Amino acid sequence: MVIRENFEKKLEELKSKIIEMEELTITSLKRAFEALKLQDMELALRVIEEDNEVDNLELEINQFAIWLMAKEQPVAIDLRVIIGALKISSEIERIADFGVNIAKAAIKIGKEDTLLNITELEEMKEISVQMHRKAIQSFTEGNLLLAKEVSALEDKVDDYYASTYKKLTAYLSEHPENTNQLVQLLLVNRYLERTADHITNIAENTAYLIKGKMYDFNS
Amino acid sequence: MVMTTISVKGINESKMKGNQSKAISKISEDIQVPSKIMVKDLDLFYGEKQALYGVSLQIQEKKVTALIGPSGCGKSTFLRTLNRMNDLIDGVKITGDIVIDGENIYASNDVIKLRTKVGMVFQKPNLFPMSIYDNVAYGPRMQGIKNKKELNKIVEESLRGAAIWDEVKDRLKTSALGLSGGQQQRVCIARAIAMKPDVILMDEPTSALDPISTLKVEELITKMKEDYTIVIVTHNMQQAARISDKTAFFLNGEIVEYDNTNKIFSTPEDQRTEDYVTGRFG
């Protein structure tokens, strides 16, 4: 007989809620970027509207985790998984907010001729999605190696962030008529850089719950 | 106060082989705080059956040390070796050293003196069928204290020390068996304190108590460690986590892991410890 079978199931349920929240967030990020690229206002609005699903899931995970702690009195790895789920869900919620910010930027840029091609924002978005998947896989599988890979990818995002910043500011000095769009793209650049940071936090929290000690992947 | 290194010297060094003394110095490197009890290479047999295998650990002074592990793992047997309660069982054979304050307790035959120094509280309250006062005064009277004032003082101090004085001060002369289970257990603790021991052993002292009485006894244990070294066997993981400073995990007569309690319950080193504290077996 498996001891604590019910508790094991609840832990799995908690993890699956994290994955669900994650999937929603990745979709939101991809759609927001799609809206920016294709200048699709309806899609941008949909991203903003659907953000409350992520917020609700975060709340649900919080309540579920608190109830599990009260009921099961977990220790050691079990406690770290539950605390990890709490912290990770709040990081995911922040990431989803950046998706919303990108969608808002898309709306503010509107139908102006797009200047996305002078940036590396698309690459940053692609890497962020990859990081995201690795971080969550690392959490659900308890795989420390994947958590470390996330941190290596973050360095790439940082490099793209710096070079995109330079390109956009240089372009701005020559084309002041595009200020509105360039400022929005600078903001998107920042949102993507912050997204990668928060994903790295997820990886750090995951590494903590696997090993029981803190890693600083952001430095 | 006896530092670890001093109590190590308390072992008859002529009996120690070179590798043993190396092993001891390694232990003293790990733990730099005062040790009250030092156990080394303890084996215990009930007849042919071996119940403890090479148990070594240092119990720190004025700390609470919890012994945890599944039923039959040897933790109560180990606890009882610390005041030679196993001597009462036929066919028990013990080898190894238990050194308390520098003295090997199996080297002398004065178990009365040992049990004065190392008191014990059991799973079920076991008060004598006499008044509360007489229960607590029993030990001191056996030691020859007859002066009424002195006895009164000991009884009051002991009952206060066990956080039960206010509840029983107006009924000291009534039968102790009329008290609730939780109160009886605290009177048992008072009876142990009355002997002015250094060490108090507790064998699942709250397993027969209701939740509130349990919490009262836990509070009491936390306060008592200011004055006493406490070793407690408990099946309640949360209790071990709440009240102890050090935890030893026993399995099949061996110590699997012995470390700070917060380490045992947050990031244990051994997978078997993790499986036990998270309730995956046992």
(message) Going by what's in this entry, would A:Glu50 be described as in contact with a helix residue (DSSP H, G or I) (Cβ under 7 Å, 6 or more places away or on another chain) and surrounded by fewer than 18 Cβ atoms within 10 Å (Cβ to Cβ)?
(response) yes
(message) Restricting to segment A:64-122, count the residues that are more than 14 Å from chain B (Cβ to nearest Cβ), of a type in the set (Val, Ile, Thr), within 30 Å of A:Asn6 (Cα to Cα) and buried (at least 17 other Cβ atoms within 10 Å of the Cβ).
(response) 2
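Conditions tested, residue by residue: (1) within 14 Å of another protein chain (Cβ to nearest Cβ); (2) surrounded by 19 or more Cβ atoms within 10 Å (Cβ to Cβ); (3) in contact with an Asp or Glu (Cβ under 6 Å, 6 or more places away or on another chain).
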residue: A:Asp159; (1), (2), (3): no, no, no
residue: A:Gln184; (1), (2), (3): no, yes, no
residue: A:Tyr208; (1), (2), (3): yes, no, no
residue: A:Met214; (1), (2), (3): yes, no, no
(message) Going residue by residue through segment A:202-216, is there one that turns out to be free of Cβ contacts under 8 Å to residues at least 60 places away in the same chain and in a helix (DSSP H, G or I)?
(response) yes
(message) So, in segment A:2-36, exactly how many residues are in a helix (DSSP H, G or I), among the aliphatic types (A, V, I, L, M) and within 14 Å of chain B (Cβ to nearest Cβ)?
(response) 1
(request) Go through segment B:174-211 and give me each residue that's within 21 Å of B:Ser76 (Cβ to Cβ), assigned to a helix (DSSP H, G or I), of a type outside the set (Gly, Ala, Ser) and without any contact (Cβ under 8 Å) to a residue 60 or more places away in the chain. (result) B:Gln184
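Name the residues in segment B:270-282 that are more than 7 Å from chain A (Cβ to nearest Cβ), under 15 Å from A:Gly212 (Cα atoms) and under 25 Å from the mean Cα position of the chain (by Cα), would you?
Across segment B:270-282, the qualifying residues are B:Asp270, B:Thr273.
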(request) Write out, first by first residue and then by second, each pair whose Cβ atoms fall under 6 Å of each other, whose residues are 6+ apart or on separate chains, and whose first residue, in segment B:251-264, is part of a helix (DSSP H, G or I) while the second is among the hydroxyl-bearing types (Ser, Thr, Tyr) and crowded, with 21+ Cβ neighbours inside 10 Å. (result) B:Thr261/B:Ser244; B:Thr261/B:Thr247; B:Ile264/B:Thr247
(request) Specify the residue that is farthest from B:Ile68 (Cα to Cα); the eligible residues are those in segment B:250-268 that are within 10 Å of another protein chain (Cβ to nearest Cβ) and touching an Asp or Glu at 6+ places or on another chain (Cβ under 7 Å). (result) B:Pro268
(message) Restricting to segment B:118-141, give me the number of residues that are buried (at least 17 other Cβ atoms within 10 Å of the Cβ) and over 24 Å from B:Thr206 (Cβ atoms).
(response) 5
(request) Within segment B:232-248, count every residue that is surrounded by 23 or more Cβ atoms within 10 Å (Cβ to Cβ) and within 12 Å of another protein chain (Cβ to nearest Cβ). (result) 2
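A short reminder: the numbers here are calculations on the coordinates, not readings from a lab. Not measured: the values here are computed from a predicted model. Positions of Cβ are backbone-derived with ideal geometry, glycine not excepted, and every protein chain shown enters the neighbour counts.
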